[in-house]
Every structure is written in structure tokens, then in C-alpha cells.
Amino acid sequence: MAAKPAVDVLIVSLDSTGGLRAADMELAQSLRRAGVSATVAQAPPPPRVRTLALTDLGWALAARRAARAELDCLHPRAVIYSSTTAALLWPRPGAIRFDAPSAGNRRGRHGLWQRPLERRRLRQAPLLLPWSQSGLLEAPASARRGDRTLVLPVPVEVSGPAEPVRDIAAITYAANPSKKGLDRVLEAWRGLRADRSGERSDELLIAGASAAELQGAGLLAPSEEGVRVLGVLATEEYRKLLRRARVFVCAPRREDYGIAQLEALADGCLLVSTPAPGPYAALPIARELDRRLVSDDLRCALRAALEDPLPDYAIRAREALAPFSRVAVDRVVAEQLLPRLLADTRR
């Protein structure tokens, strides 16, 4: 006789980024609000290695161990693997939730072993839960056939009351500064400061990376004027800065979702961005809000945002983010996810 489930849904999560941890906790809370029990099994970071292929192997093994430990004691009715990497070596089939598949972000030698195994897992999964429709479109065609997909965004909410004065000119988030294109952001910022010599007091704040890291990578000179490096911040402290900033600026070389950009829009920032490839959820919203601010000419886009902002930008941004609200995502979880996730299980 099968053991009685101690939990309804087990979420297997990679402890790789703050954004991913927050997304998995949001999903667990949404499931609980829908009336089922949910537990997150956190896979601890593996040792650091040189290549992405080996990094993914370390994470896949860590996810397998974390899943096995919880499966043996909790006997969940359903399992959700958070990312295709977490599902690669799964000990039991389950739903796969992902921002982008390896087919999109592990090209060439970087995904030599991941991509074929990922295709198999995507075919085998009873349910696919992409964060966005664009993320699903990067998956192999075989994964998109049939009725096994449900787009499930990560909720984004306003973090608090608006500050009375937006006294920060611009802010950016630079964890993984190369992928985030911090070099291009800094080049545009320096050029803009040179153009606006009468307004030298404006600062660009950089969160998510340390000054030592950026200086060691040759991106920043010590004590550079007009730039302040904040390092890694607590979520509450970072979001408070967003509520004080006029502009969030970024130039990602690829964006798998863009939670930082969505948070910036929610907290009233104008979003200045390059038109990056990938399932960049905030990009079509930013274009709709003000096409001038989405450009490869980041310096001109920054100038437009700081000198000629559209007065109703923040109001329209909040309206555009309605599908990403916690209420909207809770509705999808309760009305669409749970009936499909638990359809073939028995207590």
C-alpha cells in the first residue's frame, strides 16, 4: 500500500538566485492560499566550477538529492521542478516550471549535454509551466504540442507607498554584470553626464554587485564620479530605492524573464532598456509605455527619460502589470493549475 501523502505539492527549487528563491516561495504561498499544502525543497549551491555545463550538472545533482530526501518522507501528490535544470536528473516525473529552456540560454558547447536531456524531460513532464508565453516558444516544438502547458507568471506587486520625492536619477541591477550589460549601461551613463555638464550631481546607483567585483572586472574605476555601488542589498532596502528612483536602466545581452525590470515598473520607475533577445517579459510593456526608452542608443533613451518623461507613464505601467498581480496569479493557480496538477492523484 502506498504511503499516505504528508503534503500535496513539493516544489524542487534551486538556491541559485534571490529571484528564483522568491518566485518559488510565491508559488508555494499561492498554492496554500488555494487550499493545498506545499513545501519547497531547496537544493543547496554546488561547488563552483569553470563551465556552464559542469555548473548545470552540479545543480541537477543537488536538485536530485533534495527531491529524493523530501519524496522519501513526504510522499507528495504532485511535484513541480522549478527550472529545467532542476528536472534534468529527476527521481520522479513532475511538472516543470521555467523562465527559459536550455534550448534558448545554453547554446553551443554550453548546453552540450543539457539540451538533449531537457528535450526528453519536456516530453515526459505531465505539465509545463513557463513563466511567459515567450519562454514556452523557446522550448522544442515537441514540448508545445497537446494540452500540457499553462503560462504561470511570477507575481509582481508594488513594494510600498511612493516616496514623496524621487531623488535618485537612475538605478540598475548588476548581479552577473556581463550578462546584464553593465559595461553598456556605464558607457551610456558616462556619455550622458558629459552631455549634461550642468547637472553633475545626478548619480547612477548599482545594486547586486560589489565595488571590488566591478573594479576587478575593469568595469569601474575607484571613486568614479556619478556612480555609487551599493553591493548586495536586502529586498526591502532595494525596493525602497526603486521607489525613490526616476529611472531603472539596463542593457542585458539576453534576458530570460526580467523580474528586476518588472519590479522597477511596479515601483514607479521609467524603464530604459536595450531590446535584448530572450523571453523578456517587461520588453513589450516598456515599448508600449514609451518606445523612446527602448533603444540600442541607451544614452539617448536615458536623456529622454530624465529630461522629457511622459507624465502618465507610472499609471499606465500599473495597468499593464495587472496580469502579474498576486490576485491574478492566485486565480490561475486555483482555477487552472490545481485541477490539472492533481487530476490524476489520489489521497
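For the reader, a short list of remarks on this structure follows.
- Complete set of residues in the stretch 94-120 that are basic (Lys, Arg) and surrounded by fewer than 21 Cβ atoms within 10 Å (Cβ to Cβ): ARG107, ARG109, ARG115, ARG119, ARG120
Matching residues to (1) modelled with pLDDT under 95; (2) outside any helix (DSSP H, G or I); (3) basic (Lys, Arg):
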residue	(1), (2), (3)
ARG239	no, no, yes
PHE248	no, yes, no
ASP256	yes, yes, no
GLU288	no, no, no
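- Those residues of the stretch 67-125 which are of a type in the set (S, T, N, Q) and either within 14 Å of ALA41 (Cα to Cα) or free of Cβ contacts under 8 Å to residues at least 12 places away in the same chain (or both), in sequence order: SER82, SER83
- Sole exception among (1) part of a helix (DSSP H, G or I); (2) under 16 Å from the mean Cα position of the chain (by Cα); (3) over 30 Å from ALA78 (Cβ atoms) for ALA305, by number: (2)
- A residue that is more than 22 Å from GLY278 (Cβ to Cβ) and not aliphatic (A, V, I, L, M) occurs nowhere in the stretch 98-117.
Table: residues versus (1) assigned to a helix (DSSP H, G or I); (2) more than 29 Å from ALA207 (Cβ to Cβ); (3) among the acidic types (Asp, Glu); (4) not assigned by TED's automatic domain parsing to the domain that holds LEU129.
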residue	(1), (2), (3), (4)
VAL40	no, no, no, no
PRO47	no, no, no, no
ALA62	yes, no, no, no
ASP72	yes, yes, yes, no
ALA100	no, no, no, no
ARG115	yes, yes, no, no
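- Any chance GLU138 is at pLDDT below 90, closer than 26 Å to LEU61 by Cα and touching a Pro at 6+ places or on another chain (Cβ under 8 Å): yes
- For the residues ALA207, ALA212, ALA170, the requirement of being modelled with pLDDT under 95 and not aromatic (Phe, Trp, Tyr) singles out ALA212.
- In the stretch 130-146, the count of residues that are in contact with a Lys or Arg (Cβ under 8 Å, 6 or more places away or on another chain), among the aliphatic types (A, V, I, L, M) and buried (at least 22 other Cβ atoms within 10 Å of the Cβ) is one or more.
- A single member of LEU122, LEU152, LEU129 is assigned to a helix (DSSP H, G or I) and modelled with pLDDT of 90 or more, and it is LEU122.
The values are calculated or read from the model by the stated rules, or taken from the named source; none is laboratory data. Note that the structure is a prediction, hence the values are computed from the model and not measured. As a convention, Cβ positions derive from the backbone with ideal geometry for all residues, glycine included, and neighbour counts pool all protein chains shown.
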